[in-house]
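The values are calculated or read from the model by the stated rules, or taken from the named source; none is laboratory data. From a predicted model like this one, the values you see are computed outputs, not experimental measurements. Reconstructed Cβ throughout: ideal geometry from the backbone, glycine too, with neighbour counts over all protein chains shown. Note: accessible area is taken over every heavy atom of the protein model, side chains too, but ligands, DNA and RNA are not part of it. Shrake-Rupley method; radii C 1.70, N 1.55, O 1.52, S 1.80 Å.
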Amino acid sequence: MDGIKLLCGNSNRQLAEKIARELNVEITDATVKEFSDGETNITINESIRGYNTFVVQPTCTPTNKNLVELLLLIDAAKRCSAHHVSAVVPYYGYGRQERLTSRTAISAKAVASWIQVSGADHFLSIDLHSEAIAGFFEIPVDNMTAIPLMATHFRQKGFYENDNAVVVSPDTGGVKRARNFATRLNLPIAIVDKLRSRANESEVAHVVGNVEGKNCIIVDDIVDTGGSLSNAASILKDKGAKKVYAACTHPVLSGTGYERIADSELEELVTTDTIPLSESSRKKITQLSIAPILAECIKRTYSQQSITELFAK
Ligand code: R5P
């Protein structure tokens, strides 16, 4: 990987290091620091002139700080004459503010514009909250998925073609995702019909499909406060489910998210390292690494090979 440079900010250095090991490259020497007034200051300490440069920086919490680091890393890379700059944003913060409601900003679109204006030539992410976000960019977008990785985990636990198992979407908007997961395990799906009264508060209504006596896997893109998952797990139990598991790509886990998962009816929450987990409170949480997938996509971007074919099976 001689023509590649890998840059990262402070949002998920562990993930960038794993990707670097997979690619057999060193992380490019850069200083990403904060002045005492809170301004972000970026210096790239080695030449990246003419290189394909990949900036690895999920925009997880602290979201605004991590977003500014991403934008300034891209800007610095362009000003250092990088040949081609890819923004590798495994978790796209602001992705849930992606449509017009009454008098709101469409933040997912605004952030996409800023990434482009900073100079990104290519955008790479995992399980964007909505596929429509790809259309907010005028540059090529690769939206990869952790669904096969998490489905393989459950396959290894004996869920494949298991008459006693069902995949559950926690809301009507997630049915396509749940179906994709279920197809990989040859399982039926059920749907929790969720009504949300206010942002970050969820309310569960009823279940469509048979979950009685079954082991359920709830599939979602994000676990944030844990409200959706813990409520869905409770209602599935009330409807007679045997055991309830969950698979969510992005462990946002804000507020009392960790406690909520620990105290919930869930047996296990399977997630990935798009966002670093807190070291202290990982009860019931299994974290799988998406570094091999990202490294493969970076290799294929560099060598101009298909990325779609990676997810064809
Ligand atoms: C909503 O549309 C998303 O797919 C997740 O269900 C939601 O963001 C999870 O949030 P929380 O864990 O706060 O209920």
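Taking only the Cα atoms of the stretch 138-261, the radius of gyration and Dmax are 14.3, 48 Å.
For the chain, build the charge dipole from Cβ charges (+1 Lys, Arg; -1 Asp, Glu) around the Cα centre, then report which of V270, P58, G173 sits farthest towards its positive end. Comparing the listed Cα positions along the dipole, G173 ranks first.
Cα centroid separation, the stretch 128-172 to the stretch 243-313: 11 Å.
Note that the stretch 44-187 shows a convex hull volume over its alpha carbon atoms of 140 Å³ per residue. Across the chain, Cα pairs under 8 Å and at least six residues apart give a relative contact order of 13 percent. When the solvent-accessible area of the stretch 151-283 is split by element, carbon and sulfur atoms take up 43 percent of it, the probe being 1.4 Å. Over all other residues within a Cβ to Cβ distance under 15 Å of R282, the charged ones net out to -3, with Lys and Arg as +1 and Asp and Glu as -1. Put simply, the amide H of I285, placed in the peptide plane, has neighbours under 5 Å in L269, leaving out anything fewer than 5 places away on its chain. Taking the Cα centre of the stretch 1-110 as origin and assigning +1 to Lys and Arg Cβ atoms and -1 to Asp and Glu Cβ atoms, the resulting dipole is close to 480 debye. Determine by what factor the alpha-carbon radius of gyration of the stretch 87-138 differs from 2.2 N^0.38 Å, reporting the quotient. So the Cα radius of gyration is 1.08 times the expected 2.2 N^0.38 Å.
In the calculated pair-distance distribution of the stretch 216-313, the portion above 22 angstrom amounts to 38 percent of the Cα-Cα pairs.
The alpha-carbon atoms of the chain define a convex hull whose volume equals 135 cubic angstrom per residue. Where the alpha-carbon atoms of the stretch 54-101 are placed on the principal axes, they occupy 40, 21, 16 Å, in descending order. Lys/Arg Cβ at +1, Asp/Glu Cβ at -1, dipole of the stretch 67-165 taken about the Cα centre: which of S125, I139, I106 is farthest positive-ward? The listed residue farthest towards the positive side: I106.
Between A132 and R103, the modelled label-to-label distance comes to 2.2 nm, taking each label 7 Å out from Cα in the direction of the beta carbon. Only bridges whose two residues both fall in the chain count here: according to DSSP, what percent of them are antiparallel, nearest 5? Antiparallel bridges: around 20 percent, rounded to the nearest 5. Within straight-line reach of K239, meaning a Cα separation under 21 Å, sit the following lysines at least 8 residues removed in sequence or on another chain: K194, K214. Shown here are the Rg and Dmax of the Cα trace of the stretch 26-79, at 11.4, 34 Å. Under 18 Å of direct C-alpha separation, and excluding same-chain neighbours fewer than eight residues apart, K18 reaches these lysines: K5, K299.
In the P(r) worked out for the stretch 133-198, what percent of Cα pairs fall beyond 20 Å? Here the long-distance tail beyond 20 Å is 42 percent of all Cα pairs in the stretch 133-198.
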